[in-house]
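Structure first, commentary second.
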Amino acid sequence: MMGSGKTSTGPILSKNLGYSFVDIDSLIEELAGMSINEIFQKDGELAFRKIESQVLHVVGQRHSLVVATGGGLITSPENWGVLHQGIVVWLDVALNNILLRLKGKTQQRPLINNSESMEVEITRLIEERYKYYVEADMQLKISDETSEEVAELILEKLPSILNFDDQFGQQTTVL
C-alpha cells in the first residue's frame, strides 16, 4: 500500500542481501519522462497500469533484485506470475500510520490527491486490495519500526520461506 515504506526499506534490504534495488514507480517516471501524476492526468489509470505491468515484466527478467512496486500493481492478475518468481512481501501498515505518513504528501499520490477525505479513500483502497495483498508470501505488520528495522524483520523471516527448487539445491529468490 502507498505509504507503507517500500521505497525507503527496499534499498536497505537490497544492500543487506547484496542485491540491486529497483523502484518500479521511479523507473516508470524515468522512462516516461513525466511523473506518475502526469501519466494519470494525461492518459489515465488504465494506461498507467499497462505501463506498470510492462515495466514489471522487463524487471522480472532480471535476478538478485529487491523491487518496490506501486501498491496497485497487485490488482492485475497477469502481474502475479512475475511477482511469484520471487518472494512477495506485504508491508502491512495500519490505516492510522498510513495517514500520518501521507499527510501533506497527497499531491504526489494520484489516487488520493483529488479526494475530499484521504482517510475514506485510503480505507477504500485497502479494502479493495486486501484480497490481493493476502496472496503475499510474507506479511509483516508494521507500526512504528524504522526502515532499517523493517529490513531486519524481513531478513529474519526470509529463511523460513526460501524455496530450494532447482535440481542443484540453489536458492531462487527475487524480491
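The values are calculated or read from the model by the stated rules, or taken from the named source; none is laboratory data. On a predicted model such as this, the values are computed, not experimentally measured, just so you know. Cβ atoms come from the backbone with ideal geometry, glycine included; neighbour counts cover every protein chain shown.
For Val88, indicate whether it is under 15 Å from Ala151 (Cα atoms) and touching a Leu at 6+ places or on another chain (Cβ under 6 Å). Judged against the criteria, Val88 is not a match. Among the numbered conditions (1) modelled with pLDDT of 85 or more; (2) part of a loop (DSSP other than H, G, I, E, B); (3) acidic (Asp, Glu), the only one that Glu116 does not meet is (1). Each residue in the stretch 57-102 was checked for being farther than 17 Å from Leu17 by Cα, in contact with a Phe, Trp or Tyr (Cβ under 7 Å, 6 or more places away or on another chain) and among the aliphatic types (A, V, I, L, M), and 1 pass.
Among the listed residues Val55, Val89, Val67, Val93, which satisfies the condition of being over 17 Å from Met1 (Cα atoms) and either surrounded by 20 or more Cβ atoms within 10 Å (Cβ to Cβ) or modelled with pLDDT of 95 or more (or both)? Just one listed residue meets the conditions, Val55.
Note on the stretch 14-47: among residues that are outside any helix (DSSP H, G or I), out of contact with any helix residue (DSSP H, G or I) (no Cβ under 7 Å at 6 or more places or on another chain) and surrounded by 13 or more Cβ atoms within 10 Å (Cβ to Cβ), the one that is modelled with the highest pLDDT is Tyr19. Within the stretch 35-45, the set of residues being closer than 19 Å to Met2 by Cβ and either under 19 Å from the mean Cα position of the chain (by Cα) or without any contact (Cβ under 8 Å) to a residue 40 or more places away in the chain (or both) comprises Ser35, Ile36, Asn37, Glu38, Ile39, Phe40, Gly44, Glu45.
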